[in-house]
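This report refers to the structure that appears directly beneath it.
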Amino acid sequence: MQEELFKKIIAHAKEYGFVFPSSEIYDGLSAVYDYGQNGAALKFNIREYWWKAMTMLHDNIVGIDAAIFMHPTVWKASGHVSAFNDPLIDNKDSKKRYRADALVEEHIQKIESKIEKEIEKARKRFGEAFNYEQFVNTNSKVIEYRSQINTIKARLAEIQNNNDLHGFKKLIEDLEIACPVSGTRNWTDVRQFNLMFETKLGSVSDESSTIYLRPETAQGIFVNYLNVLKTGRMRIPFGIAQVGKAFRNEIVARQFIFRMREFEQMEMQFFIKPGEENHWFEYWKTLRMKWHKNLGIDPSKYRFHDHEKLAHYATAATDIEFNFPIGFKEVEGIHSRTDFDLKQHQEYSGKKLQYFDNDTNTSYVPYVIETSIGLDRMFLLILSAAYKEEEVASEGKTETRVVLQIPPALAPIKVAVLPLVKKDGLPEKAQQIFKELKYSFACEYEDKDSIGRRYRRQDAIGTPYCITVDHQTLEDNTVTLRDRDTMQQERVNVNQLLDILNHRVSITTLLQKLDE
Ligand code: GAP
């Protein structure tokens, strides 16, 4: 884990108006965050990339916007009231509460770091002659550590699948896991803890008025299946997409915006004919990975991870994981949900949620493949991949420049217009260019400080291009266009700016590339 790097990213996100702790003047609220001026713009652009890729590039996917509050029976039908739980355990000495599975997973990570250490030692010892595959397959310590990990993972999967709370405690005891705060192994039993937030509807607060803040956006899609089917004259296969807030009372809510109590999901339910689920599961796995890699981020930072423990609704599930500074972690899930949700809602509501197939003259409850990505996690992915510290030469010295190499189409500000000096008619010319560009791109005009400092400020918020207006501009109507990543400048005519920028920084170009 690159803890230092993670801390720097968090500090940078705050210093440059991306992410603030919620209600900070009251010392914040645990695992709740606000997005600042640059963060809100970056989030908006990620959302737009996802929304347009789903709804504009597929003529059989439409988008909706369902309410956060839903009828309480929705959550009984979906299984969330009875099964949306995390196993928790308390240390009696420190009084700290943990997720039991997280404790076991951290234990596994410790063994994985031991393997990494052995590999590093050997790499140093053998130098050029080091053969990774040969080493990990023959070194007795690595083999032993790997075998330990496999045994623990198998026990964990069995415990989770059988909901075996005694087994959980026994596993934690057998692994001799100690509380990171008190250092003792004085644990309570493991209990289940429901993650849904409750609130009351209306002025009379009794049992019957209890409603929940939705823990996923997907159910808003399922309960609207029939409405969209009829009003959109949809034919299977078709999808319904939605972006919106979700709420979970997470027990382990650390790691910045990776695990929040209030967050945003971008979900799509794809309704298909039963029997075709394997084909469509593979199809969506491929397409979603393509969406990620289209952003130009190092492809080796992504991987698939198939689930060993399946959620109560799924028959197959895989995660797209990204190598964050806190290690490889889930950013998106692709789930084969069968007809579980529609059948449950059919039963609880008494309404038929079926599809009539004109070709075969039969009715059936469709199966569903779901793609579900956290908008905030995607935001963290972009920040983690973008943050770079570079040594650069400046006026005969070297200095460190911090640059956010955000994919240009997602950058909060696309272009900054900067007069070289604040006199000689340059600000007026720069203002004129700014006014021409502002209808097409998020632009910033800035004339304070030296040009070098202004470039650094734009680098730090990830602005892909800076336009500098100098004395030559007044003579031949050309400006310099500075590239954030290479710091190279090219001289271009003002009349070409719209076309050049459109090609390099627009979501349209990104979408066209995705569709190739
Ligand atoms: N409808 C399926 C579903 O909700 P999930 O794996 O629980 O599946 C989907 O969540 C995605 O939502 C995750 O891959 C993650 O990106 C995001 N997510 C889940 N819990 C989150 C949390 N507490 N904070 C931020 N993002 C979260």
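The values are calculated or read from the model by the stated rules, or taken from the named source; none is laboratory data. None of the values given here were measured: they were computed from a predicted structure. Counting neighbours? That spans all protein chains shown, and the Cβs are built from the backbone with ideal geometry, glycine included.
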Original post:
Has segment 207-214 got at least one residue that is more than 16 Å from the ligand (Cβ to nearest atom), free of Cβ contacts under 8 Å to residues at least 12 places away in the same chain and among the acidic types (D, E)?
Top reply: yes
Subject >> Only listed residue being within 16 Å of the ligand (Cβ to nearest atom) and not aliphatic (A, V, I, L, M), chosen from E399, E391, E370, E395 >> reply: E370
Subject >> Qualifying residues in segment 387-408 (those that are of a type in the set (D, E) and surrounded by fewer than 10 Cβ atoms within 10 Å (Cβ to Cβ)) - the one farthest from S506 (Cα to Cα) >> reply: E395
Subject >> Scope segment 346-394; condition in contact with a Gly (Cβ under 8 Å, 6 or more places away or on another chain) and at pLDDT below 95; matching residues >> reply: S394
Original post:
Which numbered condition trips up T286, out of (1) loosely packed, with under 14 Cβ neighbours inside 10 Å; (2) farther than 18 Å from L514 by Cβ; (3) at pLDDT 95 or above?
Top reply: (2)
Original post:
So which residues in segment 215-242 are within 14 Å of the ligand (Cβ to nearest atom) and β-branched (V, I, T), if there are any at all?
Top reply: T217, I221, V223, I240
Original post:
Give me the pairs: first residue in segment 361-376 and in the same structural domain as Y35 (by TED's automatic domain parsing) and of a type in the set (S, T, N, Q), second residue more than 8 Å from the ligand (Cβ to nearest atom) and not in a strand (DSSP E or B), beta-carbon distance under 8 Å, and six or more apart or on different chains, which are they?
Top reply: S363/Q354; T371/W284; T371/R288
**OP:** Name every residue in segment 33-48 that is among the acidic types (D, E) and part of a helix (DSSP H, G or I), in order of residue number.
**Re:** E48
Original post:
Taking into account only those residues within segment 243-260 that are among the basic types (K, R) and more than 7 Å from the ligand (Cβ to nearest atom), which is modelled with the highest pLDDT?
Top reply: K245
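Does D319 satisfy being under 30 Å from E516 (Cβ atoms), surrounded by fewer than 20 Cβ atoms within 10 Å (Cβ to Cβ) and within 9 Å of the ligand (Cβ to nearest atom)?
Considered against the rule, which asks whether it is under 30 Å from E516 (Cβ atoms), surrounded by fewer than 20 Cβ atoms within 10 Å (Cβ to Cβ) and within 9 Å of the ligand (Cβ to nearest atom), D319 comes out as yes.
Here's the yes/no breakdown for (1) farther than 29 Å from E516 by Cα; (2) not in a loop (DSSP other than H, G, I, E, B):
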position: K8; (1), (2): yes, yes
position: K14; (1), (2): yes, yes
position: G17; (1), (2): yes, no
position: W50; (1), (2): no, yes
position: L57; (1), (2): no, no
**OP:** Provide a single number: the residues in segment 58-68 that are touching a helix residue (DSSP H, G or I) at 6+ places or on another chain (Cβ under 8 Å) and over 18 Å from I373 (Cα atoms).
**Re:** 1
Original post:
Which of (1) crowded, with 18+ Cβ neighbours inside 10 Å; (2) near the ligand (Cβ under 10 Å from one of its atoms); (3) more than 19 Å from A241 (Cβ to Cβ) is the odd one out, the single condition I297 does not satisfy?
Top reply: (2)
**OP:** Mind checking which strands (runs of 3 or more DSSP E) fall wholly inside segment 405-516 and carry at least 1 residues that are over 32 Å from the mean Cα position of the chain (by Cα)?
**Re:** 415-419, 465-469, 478-483, 489-493
Subject >> Criterion: in contact with a Phe, Trp or Tyr (Cβ under 8 Å, 6 or more places away or on another chain) and more than 11 Å from the ligand (Cβ to nearest atom) - qualifying residue of K285, K309, K290 >> reply: K285
**OP:** Hey, could you check segment 329-356 for residues that are away from the ligand (no atom under 13 Å from the Cβ), surrounded by 14 or more Cβ atoms within 10 Å (Cβ to Cβ) and part of a strand (DSSP E or B) and say which is nearest to the chain's Cα centre (by Cα)?
**Re:** T338
Original post:
Within segment 218-319, which strands (runs of 3 or more DSSP E) (wholly inside it) include 3 or more residues that are more than 16 Å from I334 (Cα to Cα), under 23 Å from the mean Cα position of the chain (by Cα) and touching a residue at least 12 places away in the same chain (Cβ under 8 Å)?
Top reply: 238-247, 262-272
Original post:
Residues in segment 263-282 that are more than 16 Å from the ligand (Cβ to nearest atom) and of a type in the set (A, V, I, L, M, F, W, C): how many?
Top reply: 2
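Matching residues to (1) at pLDDT 95 or above; (2) out of contact with any Asp or Glu (no Cβ under 8 Å at 6 or more places or on another chain); (3) surrounded by 15 or more Cβ atoms within 10 Å (Cβ to Cβ):
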position: K429; (1), (2), (3): yes, yes, yes
position: Y439; (1), (2), (3): yes, yes, no
position: K448; (1), (2), (3): no, yes, no
position: H471; (1), (2), (3): yes, no, no
position: T486; (1), (2), (3): yes, yes, no
position: V505; (1), (2), (3): yes, yes, yes
